[in-house]
Amino acid sequence: MAKLKINYVRGKTQNSSFIIKVAMVMATIILICIFLPKQPRFRYEFQKGKAWNHDNLISPYNFAILKTPEELNRDKEQILKTVQPIYNLNSNISKEQIDQFNIDVIEKWQISNMDSLSKQELTTYQSVGNSLLNYIYNRGVISLNNRYQNKGANGDNTDEAQKQYNFTLVHDNIAQQKNTADIFTIEAANEYVRDAIAKNTKIDRKAWLTEILKNYITINFIFDENLTNKIEQTALANISSTRGMVQKGELIVEKDKVINNDIYQKLESLRRAFEDESKISGNQSYVALGQFLMISLCVVLLMVFLFFFRESIFYNNRLISIIMIVILSMLAVLSWAITVKIPSLYYIPYCSVPIIIRVLFDTRVALNIHLLMVLIAALFVPNSYEFVFLQFTTGMVAIYSIKTLVKREQFLISAIIILSTYIIGYIGLFLTRNGSLHSIYWSDIVPFVVSVGLTLLAYPLIYAFERLFGIVSDLTLMELTNSNSKLLRELSLKAPGTFQHSLQVANLAEAAIYKIGGNPLLVRAGALYHDIGKMLNPLFFIENQKADSNPHSELTPEQSAQIIISHVHKGIEMAKKNQLPEVVIDFIRTHHGTTRVDYFYNMFIKNNPNKLVDESIFRYPGPVPISKETAVLMIADSVEAASRAMKEPTEESINTLVDKIIDYKITQRQFIHANITMRDITEVSDIFKSMLKSIYHVRIDYEASKKQA
């Protein structure tokens, strides 16, 4: 089970903190009540394709039956088919093009050097050109619009007919009904000119005149998109959203009868009518009181859960405030979505809540809070069973998919799994209601895709919560354990022996925590940084000393002990200066607990047998380990350091060493505040013995093993 990444030592609860806690809970309840809609809720839950599990339902009043989305779409399609596009006749275009032709044809005749062409013949060419252009522009030139072409003409489904459509031509505020079949397109006009000139016996240079006339044919029926859209919108606005009525006293559905499409639409219409009526005639005070009671019940149940199962959170108002902020933020977004009536409430990234809580706290807390959120939201959303089913299942999947968040790729994997759960759940619900895949709305999956995309924004929010409230997630621990980080790089350069010692301690402690349960990343980070205080005086610590150099030889035992002990508070100062999390600094504080520096203590006793000794000079200030992780690190640190001093490591000497160190720590009451059991300590001992034997290549005496057998 995942553990909290929080430094918390429970003390006596003060009245002031309890008052603050109660105030936060009450403020949360009141704000939720303020955010969420104030209207009575329809008392019946129903699903298409399921049996009606209530008594016979009689209509309490007259109400209209709402059309289904499919019916409304069909009506819209029919209405749009009746709306004809609007075109405006621009008479100036034809005049300008014909005048320009009469000017240009003379110039082009001269440029062409057609000496054989007399002025009389040129006049004939001009006359033919004017006649053709006048006919074309009087008939009209249009650009066909693909938007209307597929409607066809008069229901004819031939390819040619589908390209033709009726339209309204407006000129001088006079409208005419026309069809594109009677109008030229530019291509059709050019073809008409070519055929007409080819048949004209008076024209000798047919290709020359045809090519010239093409340049003066352009569109004079201009599509008026704005006016067309206004007419379409007006027509759509007049579509009735209802079909038929249900009279007061009419039977809507019988008990145990399967809810078919018709009954479902009547029930949905009754629900809408009830909600609309309630907004006008309902007593808002009673509605608010009911919401207050239900929301209070949910929030109080959450607090009861924290009190019984997560005391470390319950007694920490800072952590309570995180939970309340997350709950309020998501319900505020839900309230906004309901108020503005977004197309689908599934656009809301509901799964971001369990992800944030899971990463910051643990699985059980995330699951309980997500359940609370879904239950509160279900009080206000339509089709609450569908909403609860989809959101709760995807929330569970979101929590399970990030059980151990140690790689960035898990973000994407988690998103894919959440989206898959949404789609599977949606298809399952649709099949139970409709019994067919043919009418499934695949566009309804789009909100799920958007929601999952927005859920990925939870990860930047996690960092913000970490910085604001002093919580450390696994992502931060991963960054801290990078050996290229500033402090660890400095440690490896200034105190290479200490750095190697820290690496070995990290390996030992991490393996033990994997076995007995805990946070491996946390204990590894603590192990890597627990001795950073030795960087200031590295040569005073044996792992960094050269064979012929020992600075302690020039100091008294008291001075040496104080230098050794000082690496703890110096390490704490360095950690705070470099903004290491408190939960990591705890490993620096506690890795020696309140034990003695026995080597220099015994030296003092030996050198001063008749002198009274102040034991506090030789004892670490503490505190003792406060968690399973810090307790394991203390053992690993002592075991690893002591094992380096063994001249000839054997299986027996390693076993004796580990047992002796653990017994000493227990005798010194170093584990009284850590949540570690004797069974855990025994398992830790076995792991350390096994790993040390592998490190020092201890061979098993098979002959001795056979004799014992």
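Quick notes on this one:
- In the range 335-391, the qualifying residues are those that are of a type in the set (Lys, Arg) and over 15 Å from the mean Cα position of the chain (by Cα), and the one that is nearest to LEU454 (Cα to Cα) is LYS341.
- Any pair with Cβ under 7 angstrom, 6 or more apart, that starts in the range 330-343 at a residue that is without any contact (Cβ under 8 Å) to a residue 12 or more places away in the chain and ends at one that is part of a loop (DSSP other than H, G, I, E, B): ALA337/ILE348
- Subset of the range 61-79 (residues that are over 38 Å from the mean Cα position of the chain (by Cα) and at pLDDT below 85): TYR61
- Taking the criterion of being modelled with pLDDT of 75 or more and crowded, with 18+ Cβ neighbours inside 10 Å, the only residue of the range 1-24 that qualifies is LYS21.
The rows are residues; the columns are (1) in contact with a helix residue (DSSP H, G or I) (Cβ under 8 Å, 6 or more places away or on another chain); (2) hydroxyl-bearing (Ser, Thr, Tyr); (3) without any contact (Cβ under 8 Å) to a residue 60 or more places away in the chain; (4) closer than 23 Å to TYR350 by Cβ.
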{"site": "LYS255", "(1), (2), (3), (4)": "no, no, no, no"}
{"site": "SER269", "(1), (2), (3), (4)": "no, yes, no, no"}
{"site": "ILE295", "(1), (2), (3), (4)": "yes, no, no, yes"}
{"site": "PHE308", "(1), (2), (3), (4)": "no, no, yes, no"}
{"site": "GLU311", "(1), (2), (3), (4)": "no, no, no, no"}
{"site": "ASN316", "(1), (2), (3), (4)": "no, no, no, no"}
{"site": "MET324", "(1), (2), (3), (4)": "yes, no, no, yes"}
{"site": "ILE327", "(1), (2), (3), (4)": "yes, no, no, yes"}
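- Contact annotation: residue pairs with Cβ atoms under 6 Å, 6 or more positions apart or on different chains, pairing a residue in the range 166-189 that is without any contact (Cβ under 8 Å) to a residue 12 or more places away in the chain with a partner that is part of a strand (DSSP E or B), are ALA175/THR168; GLN176/LEU169.
- Whichever residue in the range 578-629 is free of Cβ contacts under 8 Å to residues at least 60 places away in the same chain, under 15 Å from ILE565 (Cβ atoms) and polar (S, T, N, Q) and, among such residues, is least open to solvent (accessible area, probe 1.4 Å): THR590
- Residue match in the range 694-705 (condition: modelled with pLDDT under 95, charged (D, E, K, R) and outside any helix (DSSP H, G or I)): yes
- Within the set LEU429, LEU456, the sole residue that is farther than 30 Å from LEU539 by Cα and open to solvent by 30 Å² or more (accessible area, probe 1.4 Å) turns out to be LEU456.
- All of ASN88, ASN130, ASN102 fail the test of being modelled with pLDDT of 90 or more and part of a helix (DSSP H, G or I), apart from ASN130.
- Hits in the range 583-636 (condition: over 38 Å from the mean Cα position of the chain (by Cα), among the small types (Gly, Ala, Ser) and not in a loop (DSSP other than H, G, I, E, B)): SER616, ALA636
- Selection from the range 214-234 of residues that are open to solvent by 40 Å² or more (accessible area, probe 1.4 Å), farther than 13 Å from ASN92 by Cα and hydroxyl-bearing (Ser, Thr, Tyr): THR234
The rows are residues; the columns are (1) within 17 Å of CYS33 (Cα to Cα); (2) open to solvent by 20 Å² or more (accessible area, probe 1.4 Å).
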residue: ASP276; (1), (2): no, yes
residue: VAL300; (1), (2): yes, yes
residue: PHE307; (1), (2): no, yes
residue: SER312; (1), (2): no, yes
residue: LEU331; (1), (2): yes, no
residue: TYR350; (1), (2): no, no
residue: ILE357; (1), (2): no, no
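- Within the range 47-87, tally of residues that are surrounded by 14 or more Cβ atoms within 10 Å (Cβ to Cβ) and among the polar types (S, T, N, Q): 4
- Taking the numbered list (1) closer than 21 Å to ALA527 by Cα; (2) open to solvent by 40 Å² or more (accessible area, probe 1.4 Å) in turn, VAL446 passes all entries but (1).
- Top-ranked residue in the range 664-691 [being in a helix (DSSP H, G or I) and aromatic (Phe, Trp, Tyr); ranked as nearest to THR594 (Cα to Cα)]: TYR664
Every residue, every condition in (1) within 30 Å of GLN559 (Cβ to Cβ); (2) of a type in the set (A, V, I, L, M); (3) in contact with a Lys or Arg (Cβ under 8 Å, 6 or more places away or on another chain), yes or no:
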| site | (1), (2), (3) |
| --- | --- |
| ALA641 | yes, yes, no |
| ILE654 | no, yes, yes |
| ALA674 | no, yes, yes |
| THR677 | no, no, no |
| GLU683 | no, no, yes |
| ILE687 | no, yes, yes |
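- Subset of the range 639-692 that is free of Cβ contacts under 8 Å to residues at least 24 places away in the same chain and of a type in the set (Gly, Ala, Ser) - its residue that is surrounded by the fewest Cβ atoms within 10 Å (Cβ to Cβ): ALA645
- Of the helices (runs of 4 or more DSSP H) lying entirely inside the range 448-516, those containing at least 2 residues that are charged (D, E, K, R) and within 30 Å of ILE348 (Cβ to Cβ) span 458-469.
- In the range 463-483, the residues that are touching a residue at least 24 places away in the same chain (Cβ under 8 Å) form Cβ pairs under 8 Å with partners that are assigned to a loop (DSSP other than H, G, I, E, B) and open to solvent by 60 Å² or more (accessible area, probe 1.4 Å), at six or more places apart or across chains, as follows: ASP474/THR404; ASP474/VAL406; MET478/VAL406.
The values are calculated or read from the model by the stated rules, or taken from the named source; none is laboratory data. Predicted model, so just to flag it, every value in this text is computed and none were measured. Neighbour counts run over all protein chains shown; Cβ positions are idealised from the backbone, glycine included. For the accessible areas, the whole protein counts, side chains as well, though only heavy atoms, and no ligand, DNA or RNA atoms are used. Shrake-Rupley method; radii C 1.70, N 1.55, O 1.52, S 1.80 Å.
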